[in-house]
Amino acid sequence: MDESGIRTRKESQNGSTDLTKDNKEVGLLSGICLIVGTMIGSGIFISPKSVLLYSGAVGPCLLIWTACGVLSTLGALCYAELGTMITKSGGEYPYFMEAFGSIVAYLYSWTTIMVLKPSSFAIITLSFAEYASTPFYPGCSLPLIVTKCLAAAAILIITSINCLSVKLASYVQNFFTAAKLVIILVIVGAGIVLLAQGKTENFSNAFDGTATSFGAIGLAFYNGLWTFGDRVLYPASWIVPLFVVFSTFGSANGSCFTAGRLVYASGREGHMVKILSYINVKRYTPAPALIFNGVLAIFYIIPADINTLINYFSFAQWFFYGLAALALIVMRFTRKDLDRPVKIPVVLAGIMVLVSCYLVLAPIIDKPELEYLYCTIFIFSGLILYYPFVYRKVNWGRQIMRPITMHLQLLMDVAPPEKTE
């Protein structure tokens, strides 16, 4: 049975001609919770230790956190203009397609789908696993196998939720976003109480031991941008790790949700295999894309620890963040005809590009490591596949994929989406 056969069968059974449209069930509240829940993830609980380690002292640590907030705001403004100007799904993918063409968009989708999104998913679920299992091993280190198995179980559960229903995934996101906002208010309030009680000894000689390394400061920014209990809450100290578990689970759910849409958009444009762009005809979710992202995430939790993943992730991610800001500048000149409901001063995008260049180059210049070389090689290795399968569209590739696509289509009960963009 081919694609049109499945579509015709489903349309005749349901009396509808738009069954395979990606069901848009994310309202305003759910959209806000998705953004907030994804932005406030595991980093705010994991990164303070690493930021303090790389910055060397409390004073520069606080300055770096402040600078990270300012930089994140600049990035948000850039994405506000891009997102309201180009309203297609797929994150940065359609921005790169409009500004730089097919090759750059393909390299972004190749790197993000194969490395960045699943490694981000893995990082967050590893954080979830550490906080969730710590209470069961008081006073001793966590067995690595327990952490990784729990992270894998979280990936399976979250992927299943997103495959079952867009609405269910939205409800999960709303609940866990509310939970993480509660714990952040608790932590901030506790800090204010301690300051009011005069406990300011950590601010004495706050800049002693400050790191002066060009690359160490960049790594501190990496962890800050990736973004307590016993001394403050006493017998109720269990509340903090519990809400951290909620926070990381919600962030992982948001990461899975957005990653699935990027894989789906890339498959729809022909930059990934076609089956990844298909939608379940009963539940209207991009199930193949979500499952693919989840399987890769499970592979990524096997070899690496959290800090290694964060540094590897941030190097490539900030390259594309800077490229997105550059795309905004380029389209100011090449796509003047596009409507811009939000328009920011172009100098802000320029600052974002410069800072991104610093965050990409600083750790490499200061302390070259093979992981950066591997990442660069991987990004450009996508061109090996781009030329025959995307640019030339070789027939033998299609002949190999056609029966595989057909069997997977029948197995997962999926069909091509109606193009609405």
Legend entry - Built amide H within the under 5 Å cut-off of residue 279, gap 5+: 415
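How would you rank 400-413, 141-154, highest first, on the average number of other Cβ atoms within 10 Å across their residues?
Details: 400-413: 14.0, 141-154: 16.1.
Answer by packing, highest mean first, reads 141-154, 400-413.
Quantify, in whole percent, the carbon and sulfur part of the accessible surface of segment 328-393 (1.4 Å probe; protein heavy atoms only).
Taking all protein chains in place, segment 328-393 shows 71 percent carbon and sulfur surface.
Can you work out the accessible area per residue across segment 312-395, with the rest of the protein chains kept in place, probe 1.4 Å, in square angstrom? Display every interim value, and only then the final one.
Working: 4720 Å² over 84 residues.
Each residue of segment 312-395 exposes 56 Å² on average to a 1.4 Å probe.
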Legend entry - Surface accessible to a 1.4 Å probe, per residue, for the residues of segment 48-176, Å²: 40
Inset, instruction - Pop a pseudo-label 7 angstrom from the Cα along the beta-carbon direction at both residue 160 and residue 103 and give the gap in nm to one decimal. - result: 4.5
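With a 1.4 Å probe and every protein chain kept in, tell me what percent of the accessible surface of segment 120-164 is carbon plus sulfur. Walk me through the numbers before you get to the answer.
Values: 1540 of 2010 Å².
C and S atoms contribute 76 percent here.
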Legend entry - Label-point gap, in nm, between residue 282 and residue 171 - each point 7 angstrom along Cα→Cβ: 1.8
Inset, instruction - Holding the Cα-Cα limit at 21 Å, pick out from 167/282; 274/393; 88/117; 88/180; 88/336; 148/282 the pairs that are longer than that. - result: 88/180; 148/282
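The values are calculated or read from the model by the stated rules, or taken from the named source; none is laboratory data. Note that this is a predicted model, so its numbers are computed, not measured. Reconstructed Cβ throughout: ideal geometry from the backbone, glycine too, with neighbour counts over all protein chains shown. All accessible areas refer to the heavy atoms of the entire protein, side chains included, with ligands and DNA or RNA removed. Shrake-Rupley method; radii C 1.70, N 1.55, O 1.52, S 1.80 Å.
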